[in-house]
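> This structure is in structure tokens; I'll ask about it shortly.
The values are calculated or read from the model by the stated rules, or taken from the named source; none is laboratory data. Since the structure is predicted, the reported quantities are computational estimates derived from the model, not experimental observations. Neighbour counts run over all protein chains shown; Cβ positions are idealised from the backbone, glycine included.
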Amino acid sequence: MPSLSNTQLELLKEADLESLHLSPELIAQIATLADPQQLTDEQLLEFLQVCNALYRSGEPLISDADYDFIFLGELQKRHPHHPYLETVEPEIVAVGKTVALPEPMLSTEKTYTRDGIEKWLSRLEKAANDCSVDFCTLMIRATPKLDGYAAYDDGKMLYTRGDGRRGTDISRVFERGLIVGGNGERGQGAGEIVVSQTYFNNYLADHFENSRNFQASIIKEKDLEQHALEAIQNHAAVFFPFSQLPAWQGSAVEVLADFDHVIETVYKLVDYDVDGVVFELIGNERIKQYLGATRHHHRWQIAYKNNVASAEVIVLKVTPQTSRSGRVNPVAELTPTKLSGAMISRATAHHYGMVKTLGIGAGTLIELTRSGLVIPKIERVIIPKTPQIPEHCPSCGSELVWDSDYLYCLNTTKCPAQIENTIEHFFRTLANVDGFGQRTVEKLHTFGISSIYAVYQLSMEQLQGMGFGEKTAQNLLDQLQRSRTEAIEDWRFLGAFGIHRMGLGNCERLLQHHHLIDIFNLTVEDVMNIEGFAEKTSAAVVECLAKIKTDFMQIYQLGFNLVPTPLIAEQQQKISPISGKTIVFTGTMVHGKRDDMSREAKLLGAKVAGSVTGKTDFLVTGSDVGAAKIAAAMEKGVRVINEEDYLALLGKPE
């Protein structure tokens, strides 16, 4: 049974995290998970807090990659806008009274792919255009992302980063002889306490488990351990201001043209632990101010963390799995291997055509790669073996048929896997209902519930008869009621039926041209007339709509609170004071919720945006709007009107 060390338990006590609901035994057990989906939201959040505390105390429970990719990634998937993701993860080692930092010390937005950097540069380009600045003139600075202990030096006091706004006084480290890196001058703001890699490996590795453990030790109030004191006296440990870091500089075009070389160059600029490269806009305060910051990070800055890893792995077997579409997908079961901080034991083989051609079976030696948040990938087959191609569906036993490289089960109405995956997909896509995950759906199907409509017909007696407790059963019924009464876009409702080649984007595009109830009468030519629908896709859409029509109508008639997508043709015909205008709503409104006002504006032919640019026509303000936001809008020539004036513009009574 895994357990926490005495040191880790003591650190959690110091960090006032003893009162968590998770026991030390459960914390240690969770740390071994490769998939945290079974954790509740509360358990996941508490585990992240524990990991952050121990990491910043120099006694990490899991790797940085495990924290980012597995557990923080799970929270991001469940709740993209969770407060924990939008606040600075605190440095909590130092004890004492907290004081306000001279300026906020935020975290840095992270990406693990070149594509993420390209998207960030696209945001810069849009901001430059909005500010009437030539994007080609912008300069980018790339510096090593130091893996140290974050702090802020105002020349008189050295603060811990704390929660990004309040920190603790640790000026004692300068009294102990710690020097400032770069030009050696105090008062240069944010930076990190770091130790030379060479010195650590030669003189400290036998005394400290890792460099972060050492960094945490030198800021504590207790007397320094002799080896740590010697490292300070030998100037191997320093406080390095970010502004003093050696850097690569160039244009956005140069960043992308020589990306790999830039990354390689920056990694080698310092002899400290580096876990990424920070790219930031320099020399244009106007655009920085325009981009601003979230509570978590500055938008004009981003960190690239390269976490590509590969290994040669033996395939134990290939397991077939039937999806909701009837496609049978091959999953390679692997010898457990750690890649990019995660223990990998499975990888998709994409389709059975690939399995057959490359020879992926029991005993196959493959090269497996994983980069950042990307799922494991079979890069190549090194030693092929004879593959086992299934002839029957693993879920229902029906004979499989080939369609190009894919195997399909055609038993759509009775195949358990297809039925369960279809029901789960419906509720997951609606996104306004909880409780109908894989286990619940499997249990319902065991008791004969084989359609979405049948789920909505469930009663308390039925659910309790299936073994659900009274509280759980009532919650499921409440959630079903919620899914019908809570407003939901009609394109999302359509997307929940899992129509082939119809993602949510295509569903919305289709409903911008035809009312929801009319789409089942469309011809292939009707669909092809919509931009973005090719002939093959249009034919597949019409065919699938015909297949789901009966089920759709049955469920539709249960009475969902659907918000209709505005028809483009109707919008173009409407004449209103805001037709063709771009509007941004901000503040608290009296007339209605901002989402409702946005929908109403769209129905009147307006385009609703989330932020003010030079192309915005109206900024409509409610209460609690900062003067700076209004001033910025007026500077761009945007007309600012309050809610009362907006209603008057539409000819509505107050």
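> Here is a list: 555, 583, 578. Which entry is in a loop (DSSP other than H, G, I, E, B) and crowded, with 17+ Cβ neighbours inside 10 Å?
Working: 555 fails: in a loop (DSSP other than H, G, I, E, B); 583 fails: in a loop (DSSP other than H, G, I, E, B).
Result: 578 is the single residue among 555, 583, 578 that is in a loop (DSSP other than H, G, I, E, B) and crowded, with 17+ Cβ neighbours inside 10 Å.
> Let me ask something else. Mind checking which residues of segment 151-196 are within 15 Å of residue 242 (Cβ to Cβ), under 29 Å from the mean Cα position of the chain (by Cα) and among the charged types (D, E, K, R)?
Scanning segment 151-196 gives 161, 192.
> Of all residues being out of contact with any helix residue (DSSP H, G or I) (no Cβ under 6 Å at 6 or more places or on another chain), surrounded by 14 or more Cβ atoms within 10 Å (Cβ to Cβ) and not aliphatic (A, V, I, L, M) in segment 187-210, which is farthest from residue 107 (Cα to Cα)? Just the residue, please.
203
> Do you know which of the residues in segment 197-214 that are farther than 18 Å from residue 226 by Cβ and polar (S, T, N, Q) is modelled with the lowest pLDDT?
In the first step, residues of segment 197-214 are kept if they are farther than 18 Å from residue 226 by Cβ; the result is 197-198, 201, 210, 212.
Pick out the ones that are also polar (S, T, N, Q) and you get 197-198, 201, 210.
Working: 197: 85, 198: 86, 201: 79, 210: 66.
The selected residue is 210.
Conditions tested, residue by residue: (1) outside any loop (DSSP other than H, G, I, E, B); (2) at pLDDT 80 or above; (3) not acidic (Asp, Glu).
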{"position": "510", "(1), (2), (3)": "yes, yes, yes"}
{"position": "544", "(1), (2), (3)": "yes, yes, yes"}
{"position": "565", "(1), (2), (3)": "no, yes, yes"}
{"position": "613", "(1), (2), (3)": "no, no, yes"}
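> Filtering segment 278-287 down to residues that are modelled with pLDDT of 85 or more and charged (D, E, K, R), which residue is nearest to residue 268 (Cα to Cα)?
Going through segment 278-287, the residues modelled with pLDDT of 85 or more turn out to be 278-282, 286-287.
Restricting the remaining residues to those that are charged (D, E, K, R) gives 280, 286.
On the way: 280: 18, 286: 32 Å.
Within segment 278-287, the match that is nearest to residue 268 (Cα to Cα) is 280.
> To continue, here is another question. From 28, 34, which residue is at pLDDT below 80, closer than 29 Å to residue 336 by Cα and not assigned by TED's automatic domain parsing to the domain that holds residue 438? So that I can check it myself, show each step before the final result.
Details: 28 fails: at pLDDT below 80.
When all the criteria are applied, what remains is 34.
> Looking for whichever is within 16 Å of residue 110 (Cβ to Cβ) and either in contact with a helix residue (DSSP H, G or I) (Cβ under 9 Å, 6 or more places away or on another chain) or among the polar types (S, T, N, Q) (or both) here; the options are 304, 272. Which one fits?
Details: 272 fails: within 16 Å of residue 110 (Cβ to Cβ).
Exactly one of 304, 272 is within 16 Å of residue 110 (Cβ to Cβ) and either in contact with a helix residue (DSSP H, G or I) (Cβ under 9 Å, 6 or more places away or on another chain) or among the polar types (S, T, N, Q) (or both), namely 304.
> While we're here: Is it true that residue 504 is modelled with pLDDT under 90 and either more than 30 Å from residue 596 (Cα to Cα) or surrounded by fewer than 16 Cβ atoms within 10 Å (Cβ to Cβ) (or both)? Give the steps one after another, and end with the answer.
Working: modelled with pLDDT under 90: yes; either more than 30 Å from residue 596 (Cα to Cα) or surrounded by fewer than 16 Cβ atoms within 10 Å (Cβ to Cβ) (or both): yes.
Spelling it out, residue 504 is indeed modelled with pLDDT under 90 and either more than 30 Å from residue 596 (Cα to Cα) or surrounded by fewer than 16 Cβ atoms within 10 Å (Cβ to Cβ) (or both).
> Out of all the residues in segment 307-360, which are touching a helix residue (DSSP H, G or I) at 6+ places or on another chain (Cβ under 8 Å) and aliphatic (A, V, I, L, M)?
Hits for segment 307-360 are 318, 328, 342, 349, 360.
> Say we look at segment 389-418 and pick out the residues that are of a type in the set (Ser, Thr, Tyr) and more than 33 Å from the chain's Cα centre (by Cα); which of these is modelled with the highest pLDDT? Before you say what the answer is, go through the steps one by one.
Let us first name the residues in segment 389-418 that are of a type in the set (Ser, Thr, Tyr), namely 395, 398, 404, 406, 408, 412-413.
Subsequent filtering for residues that are more than 33 Å from the chain's Cα centre (by Cα) retains 398, 404, 412-413.
Numbers: 398: 91, 404: 80, 412: 77, 413: 78.
Only one residue fits best here, namely 398.
Results for (1) outside any loop (DSSP other than H, G, I, E, B); (2) over 30 Å from residue 445 (Cβ atoms); (3) of a type in the set (Ser, Thr, Tyr), shown as yes or no for each residue.
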{"position": "347", "(1), (2), (3)": "yes, no, no"}
{"position": "355", "(1), (2), (3)": "yes, no, no"}
{"position": "369", "(1), (2), (3)": "yes, yes, yes"}
{"position": "380", "(1), (2), (3)": "yes, yes, no"}
{"position": "385", "(1), (2), (3)": "no, yes, no"}
{"position": "400", "(1), (2), (3)": "yes, no, no"}
{"position": "418", "(1), (2), (3)": "yes, no, no"}
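> From the set of residues in segment 473-485 that are more than 25 Å from the chain's Cα centre (by Cα) and in contact (Cβ under 8 Å) with a residue 24 or more places away in the chain, which is nearest to residue 444 (Cα to Cα)?
Let us first name the residues in segment 473-485 that are more than 25 Å from the chain's Cα centre (by Cα), namely 473-482, 484-485.
Those left that are additionally in contact (Cβ under 8 Å) with a residue 24 or more places away in the chain: 475-476, 479-480, 482, 484-485.
Numbers: 475: 15, 476: 12, 479: 15, 480: 14, 482: 19, 484: 20, 485: 23 Å.
My answer is 476.
Residues are listed down the side, and each one gets a yes or a no for (1) within 21 Å of residue 290 (Cβ to Cβ); (2) at pLDDT below 85; (3) surrounded by fewer than 18 Cβ atoms within 10 Å (Cβ to Cβ):
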position	(1), (2), (3)
63	no, yes, yes
92	no, yes, no
96	no, yes, yes
117	yes, no, no
121	yes, no, no
134	yes, no, yes
143	no, no, no
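> Got a sec? Which of 433, 455 is aliphatic (A, V, I, L, M), modelled with pLDDT under 85 and not assigned by TED's automatic domain parsing to the domain that holds residue 554?
Numbers: 455 fails: modelled with pLDDT under 85.
Going through 433, 455 in turn, the sole match is 433.
> Give the residue, chosen from 22, 54, 48, that is within 30 Å of residue 435 (Cα to Cα), modelled with pLDDT of 70 or more and in a helix (DSSP H, G or I). Before the answer, list the steps.
Working: 22 fails: in a helix (DSSP H, G or I); 54 fails: within 30 Å of residue 435 (Cα to Cα).
From the options 22, 54, 48, the qualifying one is 48.
> While we're here: Filter segment 152-175 for residues that are among the basic types (Lys, Arg) and at pLDDT 85 or above; which is nearest to residue 104 (Cα to Cα)? Quick ask: steps written out before the conclusion?
So the first thing to find is which residues in segment 152-175 are among the basic types (Lys, Arg), and the list is 156, 161, 165-166, 172.
In the following step, the residues that additionally are at pLDDT 85 or above were identified as 156, 172.
On the way: 156: 17, 172: 22 Å.
For segment 152-175, the residue satisfying everything is 156.
> Would you mind listing the strands (runs of 3 or more DSSP E) fully within segment 109-198 where at least 3 residues are touching an Asp or Glu at 6+ places or on another chain (Cβ under 9 Å)? Working first, answer last.
Numbers: elements: 139-146, 149-153, 158-160, 166-168, 189-195.
By residue number, 139-146, 149-153, 158-160, 189-195.
> Return yes or no: is residue 68 modelled with pLDDT under 80 and over 15 Å from residue 212 (Cα atoms)? Walk me through it before giving the result.
Values: modelled with pLDDT under 80: yes; over 15 Å from residue 212 (Cα atoms): yes.
Taking the combined requirement at face value, the residue satisfies it.
Here's the yes/no breakdown for (1) touching a residue at least 24 places away in the same chain (Cβ under 8 Å); (2) in a helix (DSSP H, G or I); (3) surrounded by 13 or more Cβ atoms within 10 Å (Cβ to Cβ):
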residue: 423; (1), (2), (3): yes, yes, yes
residue: 436; (1), (2), (3): yes, no, yes
residue: 439; (1), (2), (3): no, yes, no
residue: 448; (1), (2), (3): no, no, no
residue: 453; (1), (2), (3): yes, yes, yes
